[in-house]
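Here, each number is a calculation from the coordinates, and none is a lab measurement. Here the structure is a predicted model, which is why all the values come from computation and not from measurement. Because the Cβ atoms are built from the backbone with ideal geometry, glycine has one as well, and the counts that use them run over all protein chains shown.
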Number of protein chains: 2
Amino acid sequence: MDIDALRSANPDHWMRAAAIRALTLDAVAAAKSGHSGMPMGMADVATVLYEKHLKFDASAPHWPDRDRFILSAGHGSMLIYSLLYLTGDAQITLDEIKNFRQWGARTAGHPENFLADAIESTTGPLGQGISMSVGFAIAEEAMRARFGAKLVDHHTYVIAGDGCLMEGVSQEAITLAGRQQLSRLVVFWDNNSITIDGKVDLADRTDQVKRFEAAGWHVQEIDGHNPEEIDAAITAAKKSKQPSMIACKTHIALGHAAQDTSKGHGALTDADQMAEAKAAYGWTTGPFEVPEDVKAQWEAIGKRGAEARDAWEARLEGMSAGKQAEFARTLAGTAPKKLSATIKALKKQVSESAPSVATRKSSEMVLEVLNPILPETIGGSADLTGSNNTLTKDLGTFDETNRKGRYIYYGIREHGMAAAMNGMALHGGIRPYGGTFFCFTDYARPAMRLAALMKVPTVFVMTHDSIGLGEDGPTHQPVEHLAICRATPNTLVFRPADTVETAEAWELAVTQDGTPSVLALSRQNLPTVRTEHKTKNLTAQGAYVLADATGKRQALLMATGSEVSVAMAARDILEAEGIGTRVVSMPCWELFEEQDEAYRKRVLPGGPVRVAVEAGVRLGWDRWLFGERGKREKSGFVGMHGFGSSAPAETLYEKFGITAEATAQKVRDLLMGNWQETRR
Amino acid sequence: MDIDALRSANPDHWMRAAAIRALTLDAVAAAKSGHSGMPMGMADVATVLYEKHLKFDASAPHWPDRDRFILSAGHGSMLIYSLLYLTGDAQITLDEIKNFRQWGARTAGHPENFLADAIESTTGPLGQGISMSVGFAIAEEAMRARFGAKLVDHHTYVIAGDGCLMEGVSQEAITLAGRQQLSRLVVFWDNNSITIDGKVDLADRTDQVKRFEAAGWHVQEIDGHNPEEIDAAITAAKKSKQPSMIACKTHIALGHAAQDTSKGHGALTDADQMAEAKAAYGWTTGPFEVPEDVKAQWEAIGKRGAEARDAWEARLEGMSAGKQAEFARTLAGTAPKKLSATIKALKKQVSESAPSVATRKSSEMVLEVLNPILPETIGGSADLTGSNNTLTKDLGTFDETNRKGRYIYYGIREHGMAAAMNGMALHGGIRPYGGTFFCFTDYARPAMRLAALMKVPTVFVMTHDSIGLGEDGPTHQPVEHLAICRATPNTLVFRPADTVETAEAWELAVTQDGTPSVLALSRQNLPTVRTEHKTKNLTAQGAYVLADATGKRQALLMATGSEVSVAMAARDILEAEGIGTRVVSMPCWELFEEQDEAYRKRVLPGGPVRVAVEAGVRLGWDRWLFGERGKREKSGFVGMHGFGSSAPAETLYEKFGITAEATAQKVRDLLMGNWQETRR
C-alpha cells in the first residue's frame, strides 16, 4: 500500500482518518489488549461517513431522528470510541480512551450500549450487529409510517466484517432485509481478506457480492481507502430502493508492519512498529495527542447536525400537544394508562368464565386486548403464527407495501427474528414480541443473551413449552430450556399456569424497560386455576399461595405452568387422605427471588414436606427445595430426567411420571421417611 | 397439476411413488398428527434416488460404504419410514408404520437415529440435517483418503426444505461445503414455495440458485415430479467437482385438496379428501395396504445393492488383517490400547513438573500426545485456532488438496462446525473435536443439544471459560454456560482444574461412545493442583477430595476449574487459622452424580460448613450445597451474580469477589452463624 500516495491525494481527509488510527494504536498499546487492525482498516470509510453523511449531533446522542451507526464488527471498538471522542461526545472523553478496557471505563473491550449514550448497541458476538440493524431499519420504517417523515427520516449504517458475514445469523438478517426492501439500511463490508486464523480463503470463498444480490440487495464494490469512492457509494446507496451493501476493499492495520496479516487483527503493541506506522501517517504528536486543527475539524463534524436537529425540534414543537405527548410516550416506552384496567378486566372475565385453553391461546386472548391499546407493539413469529398465536386482529402485515402493518412474517429465522427485535427495542418507539417453539430458544440464544446484557425489554413468546407438545418428539420438546433461561442474568422467565397468570405475565413483560421476558406457554389445554378474581398482579411477586392446606399443613407443592394443575389435582388426592397440602404457583422465579425474605418464608414456610412439579429438568429447583436460612425440608422433585419422546401428550405425562398420583405418592413417601428417589 | 398425465407418463414409477404418498396419508391419519405434504411432494425424487442411485442394501443398514441419506426436512419423517418399510428394512415394519408417533414406536414424529439402524441422523430442528451432511461428506473424504476408495467410496444425499435453507446454519454449512469442494454431497431442495405461515414469498424472496452458486456449488433446476429429469440431475450431480444442489420444483401434498397450500404442510386427516387423493393416484388398496407388485418392485430396490456389498466385503477380506482390524477399530470408535498408558505418562510428567499454564494450553499438551495415537481424530476451530489451542503438530490442513489433513479451518461458523462434527461422528470412523470460546456455545447450542439427543461423542473444546478471559468483556464472558451445558441431558461437562485433570477429561471424552463432551477451559494460567501422581483417573468419579482438613474438618470447599486453586488458597488461609478445611474438586458433576451414595457421602460428608466456588452463576449448585438424605449443611456460594465486565482478569476476580480471602470470609461467616448473603 502506498501510504504516501493516499496521504497526498487527500491530505485533510487523511489526517482525520489518521487520528482514528493513532488513537487506536495508543489505546490498544496502553491496554496491552484489543484489536488494532480493524479501526485502522476502516478509518477512511468511517471518516467519510461521519463527515459527509451521518446525520447526528454529538451534543445530543438521544436525538430520535439521528442516523444509527452500528459497529457489527464490535472487536474494532476503538473505531467507535475514537469517533465519539473526536466529534466531542460528552461521555467518551480522552480519559476514557486512555482507560480503554479497564475496570469502570465506558470504553469496554467491545462497545456496550449501556456504558455510553451514543453507543447504539452492544456488539462483539459476530453477526449480531448486522442482524440487529435490520430491526433498527424496520423500526425506522414503522415509526415513519406512524409519525410521519417530518419526525422520522433516518438511515441505519453498519460496519460488518468477514466474521459477521460468515455467521449464519447474517444470512437470516440479509434475506429478511432483502424481502422487506429496507432501503434505509446501508452495510459496509470490511473486505480485508483476513480473519484470526489467516487469510479468509482458508475457510471461505463465498462470492459475497453475488450472495447479497441473491438476497435482493443493492451492491457496490469500492476501494475502502478512497474517500471519493466511499462518498459516491454512500450517495448511491441512499438512493437505492433496496438495502445496500458496499463491499469496501481495505487493508487491515493499514500502514503498520502487520498490515494485511492476521497478526494485524489483534493487539499491535510493539513500540517501534507503532512509531513507524505513525511516521508513515505523518502523525507527529505524542500518544493520545490529536493535533488541534484535526480535532477542530472533527468537532465541526460533531456539530454538523445541529442545524438539522434544531429544525427537527421546531417541527416537533409545531405538532399538536397530543402528538408530541404520544411521540414522547412511545419513545420512552411508557405504558398507556389504560393498560392496568384492561388487564384487570380480562382477568376478572376469565376468572369467572374459567376457560380451559392452552396458555398460548391465553396469550392470544391477552394480545387481543393489549395490541389495540399499545400501538407500539410489533408482533411476529418465525413461521409458526398459528401455533404461537401471536397474530391478532387488525395488526396488518408489515411489508414493503404496508409500513403501518404491525405483524412480521419472520420466516424460519428464529435467530434473525430475535436479533431484529433487539434492534427495534434499541431504536426506540417499538415494543417487539415474537414467537417460536420454546425448544428453538436454542437457535435464538445468542440474541436472547444479548437482550439481557443490553437491557432491552424484548418479549420472546415461546410456545410448546414441554413434553406437553406430544407427538413431535424430543427434538421439539424442551426439557432444559427453563433452566437455560433462568440461568441467564437479567431475564424474566414467565411460565404461567392459566389465562389469568398469562395476562399478569404479559402486563409485566410490556412494562419492563430494562429486562427481556420469556413467556413459556403450553401447547395443551389447561384448566383455569385462578378462579377467584384478584385485582393485584400476583405474578409480580414471582410465587404465591394458590391453595392452602385446609387442616394442618403437611405438604407443600411448588409448580409452574402446566404442572400447577397437576399439583392442584395432587392436592385434592392428598387432602382427601387428610394430608393438609399447600400449592404454590411459581410463574417467575426471578421476581420471587426479589421479594424480601419475610414474604418468601410466608409462601414457603419451613416444616412441611416439599415437592416441586415441573415438566423440565431439576437443575435449579434445589434452591427452592431448601428452606430459608438453612432449614432444609424433606423434599422431592417430579419432572423430567432426560429427553422426552414422541407420543400423545397424556401418554408422555403418564410414562414420565408427571401426574397427580405420582406427586401424591412422592409426598406420601417423604412423609413415611422414605428417601428413595428424592435425588431424582 | 395434471395427475393423470404424470401417472400415464411413467406408470410404474408413479405407483412406486404413490406407495409413499398413500402410506404417508394413512399413517398421519391414524396418528391424527404429523406432516403429510412433504413426503407427498418429494415422493418422486426419493423414488428415483432409491431406485437408480442410492447405494444401499436394505438388509445391511450398517454397511460402512453405503450412501448416506439425510432427511433434513425431518418433519416429513413418513418419507423415510415409507422408504424403509417398502425396501424391506427389518426394523421399520408395517406395524411400526401403523404406530407412527406412538409411545415405543420406532416411527417417532421426527426421525431419530437411535430408534432404527437405517436412520442416519436425527432431524427436525431445521437446518441441522443439511449441516450435518457436510460432516458426513467430510468424513467420507477423510476415510477414503485414509483407507482407499476400495473401502470408502460413497455419496451423501440430502433433502432440504425452505425451512432448512432459511435457517442461518444452512449458510454456514453450504459455504463450508463450497470451500471444501465436497463433490460427493448432493442436496435436493424441495422447492414447493410453501411454509407453515403461507407462501414462502411472505417471508423470503431469496434467489437460492444464485445463493448456492455464490457459495461455490453446482446447481440444477428441475421438475421434481419428472423422473427422467430427476435421474439426469442426479447423474450430473455425481459428476460435478463441486457440491451439488438440485432445485426440485414440487407441489406440496401433490394430488390432495390441500396441494400447494400451507394446510398441506401439516396433518391431512379428512377421510373424503384422502379418498379423493388416492383415487387420483389410482391407488385402490385399503389403508396401509401396498399392492403386491408395487411392494415387490420396492423390495427389489432394497436388494439392488447386495451385489455391490458382496464385492465390497470381498475387497475388505482381501486386505491385510492389520488393515481390516484398524478399519473395524476406527469404525467402532474403540480407543487404541496405547491410550491409557499415554495419558498416565503425561499425568506423571506434569504432576512432577507442575507447570502453571492455562487449561486451554493443557488441552493442547494432551492433544499433542493423543492425536498421534488416535488417527481418527479430526480437529478444528471456528477461527480461533491460536486461542483454542486445538491444532497440534503434523495434523495437516484438511482441504480439497489434502484429504489426509486432520485439521479443519471452520471459519467463523460455530454452529456449522458443531453440526458438521455431529455428522462426522454419525458417519463413523471419525472422532471430531472443535473449538470456540465457551460463550459462543450459544451459537452452537442447537447442534450441541442434538449431539446429546443423538448420542454421538462429539467433543466441544470451549476455551475462555469465565471472566478469567478479562478485557474482552461480558459479551465474551460466559457466566450461565456451565449451567446451560449441565442442564442438557446426556452431556458430560468437564471443567478441569489443571493439566492433570485436563488429561483425565480428554481420556474420558475420547472414550465415550454415546455421549458428547464439553471441555470448559481457562484462558488464564492456573497452577498445577494435582502434584501427587495417581494412575487412577480421578475425574472419572466426577468429584474427589483434592486436599483434606489437617485437623477437625470444619469447612468443605467445592470448586471446579480455575476456582479450584482459589479454593486451595482459601484452605491455606483457613487452616492457618486452625479451621480444618477440605477441598473437593468437581470437574464433572454428571459423573459424580453417577457414583453411588456411599462415595458421594465420603467425598461430601455431612457436618462441615460448605462453600462452592465457581466463576459462574449459582444455578444448579444448591444440589451440592445440600447434604445427602436431607441433611442440609450451612452453606454459601462464591461466584457470579450477573454478567461480567471488561477489565484485566485479576481485577475482575477481585471486583466480583471470587478470591481466596472472600471464600475464607464466607466460611468464617457461616461458622459464626451469619446467614447474611448465603442466598447469593
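The table below gives the values:
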{"item": "With Cα atoms, 0 to 90° folded angle of helix B:414-427 axis to chain B main axis", "result": "70"}
{"item": "Alpha-carbon spread of the protein assembly as shown, three principal axes, descending order, Å", "result": "91, 76, 74"}
{"item": "Whole-number Å³ per residue for the convex hull built on Cα positions in the stretch A:3-310", "result": "115"}
{"item": "Helix axis angle, A:227-239 relative to chain A longest principal axis, alpha carbon, degrees", "result": "50"}
{"item": "Angle between chain B longest axis and helix B:37-48 axis [Cα atoms, degrees, rounded to 10]", "result": "70"}
{"item": "Value at 222 nm in deg cm²/dmol, rounded to 500, when DSSP H runs of n ≥ 4 in chain A each add -39,500 (n - 2.57)", "result": "-13000 deg cm²/dmol"}
{"item": "Shape category assigned to chain B from the gyration tensor of Cα positions, a/c cut at 1.5", "result": "prolate"}
{"item": "Reciprocal of mean inverse Cα separation for the stretch B:542-672 (Kirkwood radius, Å)", "result": "14.7"}
{"item": "DSSP-assigned coil residues among trypsin sites (Lys or Arg not before Pro) in the stretch B:1-57, each with at most 14 further Cβ atoms within 10 Å", "result": "B:K32"}
{"item": "Sparse-neighbourhood loop sites, GluC sites (Glu not before Pro) in the stretch B:559-593 - DSSP loop, at most 14 other Cβ within 10 angstrom", "result": "B:E577"}
{"item": "Once the Cα gyration tensor of the stretch B:457-532 is diagonalised, semi-axes √(5λ) in Å", "result": "21, 18, 9"}
{"item": "Coordinate range along principal axes, alpha carbons of the stretch B:293-424, Å, largest first", "result": "72, 38, 28"}
{"item": "Members of A:K263/A:K455; A:K337/A:K536; B:K263/B:K295; A:K199/A:K239; A:K52/A:K241 lying beyond 26 Å, as alpha-carbon distances in this model show", "result": "A:K263/A:K455; B:K263/B:K295; A:K199/A:K239"}
{"item": "Virtual spin-label span in nm between B:K552 and B:D310, 7 Å along Cα→Cβ", "result": "8.2"}
{"item": "Theoretical FRET efficiency, 1/(1+(r/R0)^6), r = Cβ-Cβ of A:E299 and A:A321, R0 30 Å, to 0.05", "result": "0.25"}
{"item": "When the stretch B:338-527 is reduced to its Cα atoms, the Kirkwood hydrodynamic radius in Å", "result": "16.3"}
{"item": "17 Å Cα-Cα reach of B:K552 towards aspartates and glutamates, excluding residues that sit fewer than 8 places from it in its own chain", "result": "B:D572, B:E575, B:E577, B:E633"}
{"item": "Local electrostatic count at A:T385 - Lys and Arg +1, Asp and Glu -1, tallied over other residues with Cβ under 14 Å", "result": "+3"}
{"item": "Rounded FRET efficiency, nearest 0.05, which uses the C-beta distance separating A:F114 from B:E654 and R0 of 22 Å", "result": "0.50"}
{"item": "Spin-label model distance (nm) - B:E292 vs B:A576, 7 Å beyond Cα toward Cβ", "result": "9.1"}
{"item": "A:E593 paired with A:E276, simple spin-label distance in nm, labels 7 Å along Cα-to-beta-carbon", "result": "5.2"}
{"item": "Cut-off 20 Å, label 7 Å out along Cα→Cβ of A:K238, residues of the stretch A:128-142 by amide N", "result": "A:134, A:136-142"}
{"item": "Loop trypsin sites (Lys or Arg not before Pro), the stretch B:383-431, which have at most 16 other Cβ atoms in a 10 Å radius of their Cβ (DSSP)", "result": "B:K393, B:K404"}
{"item": "At q = 0.10, 0.12, 0.15 Å⁻¹, base-10 log of I(q)/I(0) for the stretch B:211-344 (Debye sum, equal scatterers on each alpha carbon)", "result": "-0.72, -0.90, -1.04"}
{"item": "Residues of type aspartates and glutamates that A:K347 reaches as a straight line, Cα spacing below 16 Å, ignoring anything fewer than 8 places off in the same chain", "result": "A:E364, A:E368, A:D498, A:E501, A:E504, A:E507, A:E532"}
